[in-house]
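First comes the structure, then the notes that go with it.
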Amino acid sequence: MPMPFAIARGMRTQWWLNATPDLDRLRLMDWREFERLVGAAYRRCGYQISMQGGPGADGGVDLVLRMKGKVLAVQCKRWRTGTVGVDLVRELYGAMAGMHAHGAIFVTTGSFTPPAIDFARDKPIELVDGRGLVALLRRLPKIPDEAAGEALLVNAGIGYAPARVVTEDGFDAHFQVNYLAHFMLTLGLLELL
């Protein structure tokens, strides 16, 4: 993804994290943006995040959280209305077992059916409904927008290039964006920091 778009997307996610949480607004988000928001929220809680989901089938896991040797599988469902049934919770439990995770978290803007709650009760599965998500977002420490933008600017980059691309000045594009661009950006902004 080109750096300006990654920066804008990251700044929007930071805005959502710093804004007063509102369940109706969360339900209107795009599903990709919702997954990024949930990931960023858990990142602020101290977890390392790996995004797993995508436009196709994700096997029941959208995010993988890691902290202190523990691995958690996370499924995100941003629905305008509706409840999460036991089948989706079972799917997450199966995915959790398949990846040998220590536990799982199911996050939704909706609610959970009584059978889904009963199924998760004696298992290492945390169910986070819309109200629980709003409560989590309210508990997060707020980061000044300026600091969030600086961190995102410095961390932007290319994760994968299908073929080696050489820029006009003779550098490998992956190396230039992921390493040289950060140096040049920091050098250019040093007086402002």
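The values are calculated or read from the model by the stated rules, or taken from the named source; none is laboratory data. Nothing here was measured: the structure is a model prediction, and the numbers come from that model. All Cβ positions, even for glycine, are placed from backbone atoms using ideal geometry, and neighbour counts span all protein chains on display. Note: areas computed on protein heavy atoms with side chains; ligands, DNA, RNA excluded. Shrake-Rupley method; radii C 1.70, N 1.55, O 1.52, S 1.80 Å.
Listed by chain and number, the lysines whose alpha-carbon sits under 24 Å from that of Lys123, ignoring those within fewer than 8 places in the same chain, are Lys68, Lys70, Lys77. Here each label is just a point 7 Å from Cα along the line to Cβ, and for Asp22 and Arg43 those points are 2.5 nm apart. Less than 5 angstrom separates the built amide H of Ala104 from those of Ala73, Ile125, Glu126, all sequence-distant by 5 or more or on a different chain.
FRET efficiency for the Asp30 to Ser50 pair, using the beta carbon distance and R₀ = 22 Å, is estimated at 0.65. For Leu180, the accessible area of its heavy atoms, probed at 1.4 Å with every protein chain present, is near 50 square angstrom.
About the centre of its Cα atoms, region 78-132 shows a dipole size close to 180 debye [charges on the beta carbon of Lys, Arg (+1) and Asp, Glu (-1) only; nearest 20 debye].
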